[in-house]
Amino acid sequence: MYGTSPASFDTITWPLEPIPASGTIECQFSGCVDEVVSDVLVQAVEHRVEALGRAHAKPKRVVRVAIELLQNLHHHAPADGVCGFRVVSTRQGWWVASRNEVTDEGKRNLEERYGELKGLDMEALRARQREVLNAPERSAHGGGGVGLIEIMRRTNRNLALTFIPAAPGRWIFELTAHIAADHD
Amino acid sequence: MTDIRKEGTSKTPTVVATLQPFSLELSGRSIPENSIAFYQPLMDWVEAHCGSVENQLEINIRLEYFNTSSSKCLMDLLKRVEATGCAARVNWYYEDDDEDMLEAGEDYDAIIDLPFRLIASTTS
């Protein structure tokens, strides 16, 4: 629990989800995420993943999760809102975390969507992703809501969603995804 | 509308769509912010030529990364080819240690009713 006091990006430490203290921060950003920033961060993650090599985890999988989280920040955070993004490596694998502010409605939607998916095993998640891919509906940004499923599949369902009260009707939402090392 | 040739960028794939040979190739990465706008010219190209060219359309997909909005556009593109009824074959390339791309290819293969080949390439 993180208490019920209002929080802001300046007053909470992160990542909120436990990450081994021995981890190395490979990339960290705080600010508005636009197309250019997103591009730079993807390249930064890619560079670090390649530099550390394959022993840590499947390198492309880490980049794929980072791409999805940054896409979410760009598409769903308020245009002038501050976002956070952090990538940590350990011998156990990688943690990729994003943080942005959401409204009450945004929180409800995320909890509802995650609640529908978290009980599904990997095969069921794959089947659901195929359904969404095959459906004619699209989201406002073209994905049709397949992003969260993709992150769950790429992390073997190792992700955590955390909400911290920030102000009346507003929450800081953090999503932490763990990509385990190959040797785990 | 004839051939399409677009150089890839850090966010968009290299695209080569030609009538001679009749082929459509995407390679690199597809993580544009507006994937619908990026893929629309390819949809138009398929619409314009798939019904009129007699040769089989060879579709080569060699993507390293694609975001989820691109995955939807890619599905729409393949469905458009399928809907025209033209002869086509999809060659889906993936690095032999990249099981994510293999799974993605299998997912498209399961949905799209076109001949589909999953082709592993050796990791460089």
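Key figures for this structure:
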quantity: For B:K79: the one exception among (1) open to solvent by 50 Å² or more (accessible area, probe 1.4 Å); (2) over 13 Å from the mean Cα position of the chain (by Cα); calculated: (2)
quantity: Hey, A:R99 at pLDDT 90 or above, within 14 Å of another protein chain (Cβ to nearest Cβ) and either under 30 Å from B:I112 (Cβ atoms) or open to solvent by less than 40 Å² (accessible area, probe 1.4 Å) (or both) or not; calculated: no
quantity: Count of residues meeting criterion [touching a helix residue (DSSP H, G or I) at 6+ places or on another chain (Cβ under 8 Å) and either open to solvent by 20 Å² or more (accessible area, probe 1.4 Å) or charged (D, E, K, R) (or both)] in the range B:6-33; calculated: 5
quantity: Condition check for B:G85: open to solvent by 50 Å² or more (accessible area, probe 1.4 Å), touching a Cys at 6+ places or on another chain (Cβ under 7 Å) and farther than 20 Å from A:K60 by Cα; calculated: no
quantity: Checklist (1) away from every other protein chain (no Cβ under 14 Å); (2) assigned to a helix (DSSP H, G or I); (3) open to solvent by less than 60 Å² (accessible area, probe 1.4 Å) applied to A:L133, failing item; calculated: (1)
quantity: Condition met for B:K72 (at the interface with chain A (Cβ under 9 Å from one of its Cβ atoms) and either among the hydroxyl-bearing types (S, T, Y) or open to solvent by less than 10 Å² (accessible area, probe 1.4 Å) (or both)); calculated: yes
quantity: Condition broken by B:N91, with the remaining ones in (1) within 22 Å of A:R126 (Cα to Cα); (2) away from every other protein chain (no Cβ under 14 Å); (3) in contact with an Asp or Glu (Cβ under 8 Å, 6 or more places away or on another chain); (4) open to solvent by 50 Å² or more (accessible area, probe 1.4 Å) satisfied; calculated: (4)
quantity: Selected residue (only one of B:D97, B:D107 is surrounded by fewer than 17 Cβ atoms within 10 Å (Cβ to Cβ) and either under 19 Å from A:L125 (Cα atoms) or within 14 Å of chain A (Cβ to nearest Cβ) (or both)); calculated: B:D97
quantity: Answer residue from the range A:49-74, given it is out of contact with any helix residue (DSSP H, G or I) (no Cβ under 9 Å at 6 or more places or on another chain) and touching a residue at least 24 places away in the same chain (Cβ under 8 Å) and is nearest to B:S69 (Cα to Cα) among those; calculated: A:R54
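The values are calculated or read from the model by the stated rules, or taken from the named source; none is laboratory data. Fair warning: this is a prediction, and the values are worked out from it, not measured in the lab. For neighbour counting, all protein chains shown are included, and Cβ atoms are generated from backbone atoms with ideal geometry for every residue, glycine included. The area values use the complete protein model at the heavy-atom level, side chains included, leaving out ligands, DNA and RNA. Shrake-Rupley method; radii C 1.70, N 1.55, O 1.52, S 1.80 Å.
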